[in-house]
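The numbers here are math on the coordinates, done by the rules we state, and not lab data. In this text, all values refer to a predicted model and were calculated from it rather than measured experimentally. Here Cβ is always computed from backbone atoms with ideal geometry, including for glycine, and neighbour counts include all displayed protein chains.
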Amino acid sequence: MPTRLPDAAPSSFEIAVVPDAAALAEAAAREFARAAREAIAGRGIFRVVLAGGSTPRALYGRLARRPHRRSIPWDRVRFFWGDERCVPPDNERSNYRMARETLLEPLQIPAQRVLRMKGDQVPAAAARGYEWTIRKEFRGSPACFDLILLGLGEDGHTASLFPGTAALAESRRLVAANFVPKFGQWRITMTYRAVNAARRIVFLASGVEKAAPVEKIVKKRRGYRALPASGVAPRRGTLLWLLDEAAASKL
Ligand code: 6PG
């Protein structure tokens, strides 16, 4: 079981530390299953926002296998993304492709329950389109995802909210097209407004290269606000930092 640590700011978030990447994937799968059962029992549906990058790959693989494959009512689950690279859905960099290969195809999730960000479209149009998709999903009520999974970059970015980029300042829209100078590429990303409205947010961080941003944000060290992940603060929901020992090694 994860070790629960007293967090830096009482009651603002919880921290759980597990031994390694494999344990992180299993702990994240249990978190996912718990959130899913709670949402489905309460509201008959589970709207989950998937994270991109490499860390969630092991989580998605576990969800697609026993016991989680059998313990979650997948026909009540609707899949969204927190961000996407502006590439076609079959591109090796696509966050959608990674989830499709590791989770959606193994579970045979039908297309109508998979709401992907269209990285193959012009960025501004893709962002407007996804904003519409979210507003339509919640039928005009404020968007409130049951679970949002987030990764953490070494520079403290999360989703595609990168340091010094325009989307950090977006306070009205739920989705933004965001040019990332460090890559010279466009991304589509949920904004803080969409993320912080969630019922439950779980950061997944694995590896010693994440220890510095984790420590700076969790302990609110000088300059922590320059790290975009520090802006993740659910308004009414809960936040869990799920870390392996390497990522938690500076706490
Ligand atoms: C992306 C992700 C990004 C990711 C972090 C961590 O599109 O790359 O949304 O925010 O979560 O960069 O990536 P790793 O899990 O690969 O370290």
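Summary table
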{"quantity": "Residue list for the range 30-76, restricted to those being closer than 14 Å to Phe203 by Cα, in contact with a Gly (Cβ under 7 Å, 6 or more places away or on another chain) and surrounded by fewer than 20 Cβ atoms within 10 Å (Cβ to Cβ)", "calculated": "Gly53"}
{"quantity": "Residue within the range 205-223 that is within 13 Å of the ligand (Cβ to nearest atom), under 30 Å from Lys136 (Cβ atoms) and touching a helix residue (DSSP H, G or I) at 6+ places or on another chain (Cβ under 9 Å) present", "calculated": "no"}
{"quantity": "Qualifying positions in the range 124-139 - over 28 Å from Glu38 (Cβ atoms), away from the ligand (no atom under 16 Å from the Cβ) and surrounded by 14 or more Cβ atoms within 10 Å (Cβ to Cβ)", "calculated": "Arg128, Gly129"}
{"quantity": "The range 180-227: number of residues that are surrounded by fewer than 16 Cβ atoms within 10 Å (Cβ to Cβ) and either of a type in the set (Phe, Trp, Tyr) or assigned to a strand (DSSP E or B) (or both)", "calculated": "2"}
{"quantity": "Every residue from the range 43-75 that is hydrophobic (A, V, I, L, M, F, W, C) and under 30 Å from Gly153 (Cα atoms)", "calculated": "Phe46, Val48, Val49, Leu50, Ala51, Ala58, Leu59, Leu63, Ala64, Ile72, Trp74"}
{"quantity": "All positions within the range 140-163 that are of a type in the set (D, E, K, R) and within 7 Å of the ligand (Cβ to nearest atom)", "calculated": "none"}
{"quantity": "Residues within the range 120-162 that are of a type in the set (Gly, Ala, Ser) and at positive phi, tallied", "calculated": "3"}
{"quantity": "Subset tally (residues that are in a loop (DSSP other than H, G, I, E, B) and closer than 24 Å to Arg57 by Cα) for the range 228-251", "calculated": "6"}
